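The values are calculated or read from the model by the stated rules, or taken from the named source; none is laboratory data. Given the structure is predicted, the values throughout are model-derived calculations rather than measurements. Here the Cβ positions follow ideal geometry from the backbone for every residue, glycine too, while neighbour counts run over all protein chains shown.
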Amino acid sequence: MNWNTHLKAQSTRATHLYHNLLKIAGKSWGVPLIHRRTLYKSVTERVLAHGAVAWCLEPTVRIARKLSTIQRPFLLAISGAYRTTSTAALQIILGIPPLHLQLQREARGTALFRLRLPLSTNLSDIDPSEIEKATGWSTHPSEHLSPTQISLDDGGNINTGLRFYTDGSKAERGVGAAFCVLTDVNITHRWSTRLSLRNTVFQAEILALLKAVEHAVSLPTQQLTILVDNQASINSAANPKSHNSIARKIFKLLHSYPHIRVSWMKAHAGYIGNEEADRLAKEAAETENFPETPLELPKSFIKTFLRQKMLETWQMAWDDGDTGRLIHNIIPKVSLHPINWTRNEVLFFTGPGPFPSFLHRFNLAETSFCSCGEIGTPIHYSTVCLLTTSYHMSPPSQQHQPIWFRRVANNSTSRRKIHNLLHFLQRETSLFRPDPN
């Protein structure tokens, strides 16, 4: 199957969406650029991503080209750029990855999370069975913890009964989880473990809380409080609908043993138990031969991994590409965040714009010269043209033009001048055209 029919249908749907976007946003009116981008990401991209795991897990060159053709009109509509502007440059300016890479990233995520299918061995050795599994309700909706069991007020000053202190830590060498038990002013029990670098601090925090609760359950019933310096783990443990399997275990134990209280406390405030738990967690994280507890990989790790792989592929394509070199000089590194440029700034830095040097190439101007007698390029109008002296900046030498463009693009005051210059050029078009007579 070559998916021709599906791609044609997707192209037709995209065309309808594109025309709908044009109805609410023109080049100089309507929905702002940032909102157009949001509409594309949240509506158009979602429509096109339908079923991507079936046809875009390993997109062919043909599929990539077709998706680029589908994406291009939206990039032009969002940015307001001229039609000859490089697709690659617009993707960089808007922080929108090539469509085939975005859909491939989502297809890989679906394969791992939902279908439990491994990725190709040259991409990753991640076993889908090692990934956290999302689940539904594990308890009856009517079951909940006692209001007195959970507190998000600072409980650091609690000094009665047994006090458990938990903590998690992440260092360059690993992740550590720990808890200790304080009776009066004496540490009577310590526990710590090391986790994989792929695990998160949140997993360390929630594991430490679980181990503290399990230890509390094994003790005779008495007044005790587990003090945690991470509110996210407390909220997760108190939520009967939490998708985290460890949090669910904690909820069930707390529900069965209502005498166990969990309270938040301020971190690094000089409390003996908190400082000891912090020390134990850091020691476990930084000691390579420390006993390790295997945990499922968090979804956040997988999502970050897939995003990084997409960015690496995009970066290689951007570095090796033949188009958009003017923008590559200014923005050499790809990013998922848009560059905060106005339409006028996009026209100036990309090249295609209301300049005789550009318009003449497409027979839209009789000559490439400005009415002052020199070739009408972007740099001409911004540095030496007699008609635009109010917008001038220091002219660079020929060999320093790439550096000049980078400096102007990175300076908000200079960009404001560029924006006003382009506005002036478009408003006074006839002033910059040589008199044919």
> If you take the residues of segment 275-301 that are under 33 Å from the mean Cα position of the chain (by Cα) and among the polar types (S, T, N, Q), which of them is nearest to Gln222 (Cα to Cα)?
Replying inline: Thr293
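Only one of Thr293, Thr342, Thr323, Thr313 is within 17 Å of Val175 (Cα to Cα) and among the hydroxyl-bearing types (Ser, Thr, Tyr). Can you tell me which? Before the answer, list the steps.
Working: Thr342 fails: within 17 Å of Val175 (Cα to Cα); Thr323 fails: within 17 Å of Val175 (Cα to Cα); Thr313 fails: within 17 Å of Val175 (Cα to Cα).
That would be Thr293, the only listed residue that is within 17 Å of Val175 (Cα to Cα) and among the hydroxyl-bearing types (Ser, Thr, Tyr).
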>> Any residue at all in segment 358-366 that's touching a residue at least 24 places away in the same chain (Cβ under 8 Å), within 30 Å of Leu117 (Cβ to Cβ) and either surrounded by fewer than 19 Cβ atoms within 10 Å (Cβ to Cβ) or of a type in the set (A, V, I, L, M, F, W, C) (or both)?
In response: no
> Does segment 1-23 hold any residues that are in contact with a helix residue (DSSP H, G or I) (Cβ under 7 Å, 6 or more places away or on another chain), over 17 Å from Ser79 (Cα atoms), outside any loop (DSSP other than H, G, I, E, B) and not basic (Lys, Arg), and which are they?
Replying inline: His6, Leu7, Gln10, Ser11, Ala14
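Considering only residues of segment 248-280 that are touching a helix residue (DSSP H, G or I) at 6+ places or on another chain (Cβ under 7 Å) and crowded, with 21+ Cβ neighbours inside 10 Å, which is nearest to Lys170 (Cα to Cα)?
The initial filter retains those residues of segment 248-280 that are touching a helix residue (DSSP H, G or I) at 6+ places or on another chain (Cβ under 7 Å), namely 249-251, 253-254, 257, 260, 262, 264-265, 267.
Retained after the next criterion (residues that are crowded, with 21+ Cβ neighbours inside 10 Å): 250-251, 254, 260, 262, 265.
Working: Ile250: 22, Phe251: 25, Leu254: 27, Ile260: 28, Val262: 23, Met265: 20 Å.
Ranking the candidates gives Met265 first.
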> Does Leu103 fit the bill of being over 30 Å from Leu207 (Cα atoms) and outside any loop (DSSP other than H, G, I, E, B)?
Replying inline: yes
> Which condition number in (1) touching an Asp or Glu at 6+ places or on another chain (Cβ under 8 Å); (2) over 30 Å from Ser242 (Cα atoms); (3) acidic (Asp, Glu) is the one that Asp278 fails?
Replying inline: (2)
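Checking the condition over 22 Å from the mean Cα position of the chain (by Cα), on the phi > 0 side of the Ramachandran plot and not polar (S, T, N, Q), which residue from Gly376, Gly351 passes? Even if it seems obvious, please write down each step before you answer.
Values: Gly376 fails: on the phi > 0 side of the Ramachandran plot.
After applying the criteria, what remains is Gly351.
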> Only one of Ser382, Ser335 is touching a Pro at 6+ places or on another chain (Cβ under 9 Å), of a type in the set (Gly, Ala, Ser) and not assigned by the TED database to the domain that holds Gln102; which?
Replying inline: Ser382
>> Could you check segment 27-49 and list, in sequence order, the residues that are exposed (fewer than 12 other Cβ atoms within 10 Å of the Cβ) and without any contact (Cβ under 8 Å) to a residue 12 or more places away in the chain?
In response: Trp29, Pro32, Ser42, Arg46
> Pairs, please: C-beta under 6 Å, at least 6 apart or cross-chain, first residue among the β-branched types (Val, Ile, Thr) and in segment 65-94, second part of a loop (DSSP other than H, G, I, E, B)?
Replying inline: Thr84/Pro352; Thr85/Pro352; Ile92/Ile331; Ile93/Ile339
> For His189, all conditions in the list (1) at pLDDT 95 or above; (2) in a helix (DSSP H, G or I) hold save one; what is the number of the exception?
Replying inline: (2)
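One line per residue, one yes/no per condition, for (1) of a type outside the set (D, E, K, R); (2) crowded, with 16+ Cβ neighbours inside 10 Å; (3) part of a loop (DSSP other than H, G, I, E, B); (4) modelled with pLDDT of 95 or more:
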| position | (1), (2), (3), (4) |
| --- | --- |
| Pro332 | yes, no, yes, yes |
| Glu345 | no, yes, no, yes |
| Pro354 | yes, yes, yes, no |
| Gly373 | yes, no, yes, no |
| Ile379 | yes, yes, no, yes |
| Thr413 | yes, no, no, yes |
| Leu421 | yes, yes, no, yes |
| Gln426 | yes, no, no, no |
| Leu431 | yes, no, no, no |
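Looking at segment 309-324 only, could you name the residues that are surrounded by 14 or more Cβ atoms within 10 Å (Cβ to Cβ) and of a type outside the set (Phe, Trp, Tyr)? Lay out the reasoning, then the answer.
Of the residues in segment 309-324, the ones surrounded by 14 or more Cβ atoms within 10 Å (Cβ to Cβ) are 309-311, 313-315, 317-318, 321, 324.
Passing the criteria: Lys309, Met310, Leu311, Thr313, Gln315, Ala317, Gly321, Gly324.
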>> Name the residue that is nearest to Thr87 (Cα to Cα), counting only residues in segment 97-150 that are acidic (Asp, Glu) and surrounded by 12 or more Cβ atoms within 10 Å (Cβ to Cβ).
In response: Glu106
> Within the bounds of segment 249-258, is there any residue that is under 19 Å from Pro147 (Cβ atoms) and in a loop (DSSP other than H, G, I, E, B)?
Replying inline: yes
> Going through segment 402-419 one residue at a time, which ones are under 14 Å from Ile331 (Cβ atoms) and among the charged types (D, E, K, R)?
Replying inline: Arg406, Arg407, Arg415
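Looking at segment 397-410, which of its residues are touching a Lys or Arg at 6+ places or on another chain (Cβ under 9 Å) and not in a helix (DSSP H, G or I)? Spell out the reasoning first.
In the first step, residues of segment 397-410 are kept if they are touching a Lys or Arg at 6+ places or on another chain (Cβ under 9 Å); the result is 408-409.
Once the filter is applied, which keeps residues that are touching a Lys or Arg at 6+ places or on another chain (Cβ under 9 Å) and not in a helix (DSSP H, G or I), segment 397-410 yields nothing.
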